[in-house]
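What follows is calculated from the coordinates using simple rules that are stated; it is not laboratory data. Just so we're clear, the structure is a prediction, and the values are computed from it rather than from any experiment. Ideal geometry is used to build each Cβ from the backbone, glycine not excepted, and the neighbour counts take in all protein chains shown.
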Amino acid sequence: MLERMYSFRKLTLSRHSRNSSKLCGLSRFGSDMLLRLQAPPSITPKQLLLELLRVAPDPLAVRDLVAVGRLFGFEDNAVRVALARLVRRGLVASRQGRYGLTEAASHLGRWVETWREGDRRLRAWKGDWLCVLHPQGAERTPRRRSTQALERLRFRLGNPHLWVRPNNLRAGRGQMELELVQLGLVDDAEVFVGQEFSSALHEKWAHDLWPTDMIQRDLRESLAEIERSRNELDTMPDIRALVESFLVGSRALHLLALDPLLPDEICDGTARRELTEAMKEYERIGKALWSPDLVAALLTDATNDPQPKEGNA
């Protein structure tokens, strides 16, 4: 999320301030503007909740999560349902009526934050592969978590029970194995570096396992969206600019977080590098928008609107 939602700790500490001139001036936008804001299909209540809880310094009450959801055009019930599903999946837990990420979700969030390091995470590829031989007999739930861990770090199923990715990350085999285990890799999976696969298999994996054309297209579309948004933010009302910067930035970070970090021999990294630099600049612009007083006013407007009685998510 944008620079940890632009100093979220300061925002939450300031949300009940009533003395700023911005709080008074903002009332001319009010709930009418909020009602006209509609979240695009590319962001869901689940994604919004995970981002909010990832950057929040402390667990948040349902009321706060619902209020922020309104800013993005989500119905209160949609936010509550998404929260309940995240709790059932073990990604979110309740602590004295407030919600925060579990350790599993927090670890993934820390991995996501490495996008700012850009190509410093990479090393020259020598044509070798980081491989995971996955056992067949794992129980259903551990097997699903293990598979999700492999997919999140952009491994692909190269052969039955053998997951692979280019061995071009500076993290190396040992660190990658640790990351996979912390994300849920089953204990008896074997992680190793493979170097002498047939040329036919090497070419097949390099060309077939990752949708490189789609990766390039999505990165360039996001780059164009950031450039368009950067030129238009100054002309938008404060509330719309806040939501715009969050949505555009979140979509870019989602792509950067999901990027498989393939070597240029498989997928040209120019678009990824350009989006990374553009996103750093967009964060600096957005940080100026997310002032504590303005966000406090938005949350005050949202939480003062009538809403259903809170229950357990």
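Of interest is the spacing of the C-alpha centroids, which for region 144-198 and region 261-280 amounts to 22 Å.
Which order, highest average first, do 276-282, 247-253, 198-204 follow once you tally other Cβ atoms within 10 Å for each residue and take the mean per peptide? Walk me through the numbers on the way to the answer.
On the way: 276-282: 17.4, 247-253: 21.6, 198-204: 11.1.
Highest to lowest by the protection proxy: 247-253, 276-282, 198-204.
When you restrict to C-alpha pairs under 8 Å that are six or more residues apart and normalise by the size of region 128-194, the relative contact order lands at 55 percent.
Electrostatic tally near Trp163: other residues with Cβ closer than 13 Å to its Cβ, Lys and Arg +1, Asp and Glu -1, net +2.
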